[in-house]
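Each remark here refers to the structure printed beneath this line.
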Amino acid sequence: MEIIRIIISVLIPPIGAFLKVGLGLQFWVNLLLTILGYFPGLVHVIWLLSRK
């Protein structure tokens, strides 16, 4: 499941954030960052996935 989450996160960062944290604050932050630019959203979702 983790490898699928990583692939989805690279393609569509907000979906990856949703799979990790649900509809919490971090999802909305990631959505906003992705709207402002793909790269900030990608960095944020990688950060989300890397923390335990």
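The values are calculated or read from the model by the stated rules, or taken from the named source; none is laboratory data. Keep in mind that what you see is a predicted model, and the values were worked out from it rather than measured. No Cβ is skipped: glycine too gets one built from the backbone with ideal geometry, and neighbour counts run over all protein chains shown. To get the accessible areas, we keep the full protein, side chains included, count just its heavy atoms, and leave off ligands, DNA and RNA. Shrake-Rupley method; radii C 1.70, N 1.55, O 1.52, S 1.80 Å.
Rundown of residues vs (1) at pLDDT below 95; (2) within 10 Å of the chain's Cα centre (by Cα); (3) in a helix (DSSP H, G or I), yes/no style:
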site: ILE8; (1), (2), (3): yes, yes, yes
site: PRO14; (1), (2), (3): no, yes, yes
site: LEU19; (1), (2), (3): yes, yes, yes
site: PHE27; (1), (2), (3): no, yes, yes
site: ASN30; (1), (2), (3): no, yes, yes
site: ILE35; (1), (2), (3): no, no, yes
site: PHE39; (1), (2), (3): no, no, yes
site: HIS44; (1), (2), (3): no, yes, yes
Conditions first: (1) open to solvent by 40 Å² or more (accessible area, probe 1.4 Å); (2) in contact with a His (Cβ under 9 Å, 6 or more places away or on another chain). THR34 passes all but one, so which condition is the exception? (1)
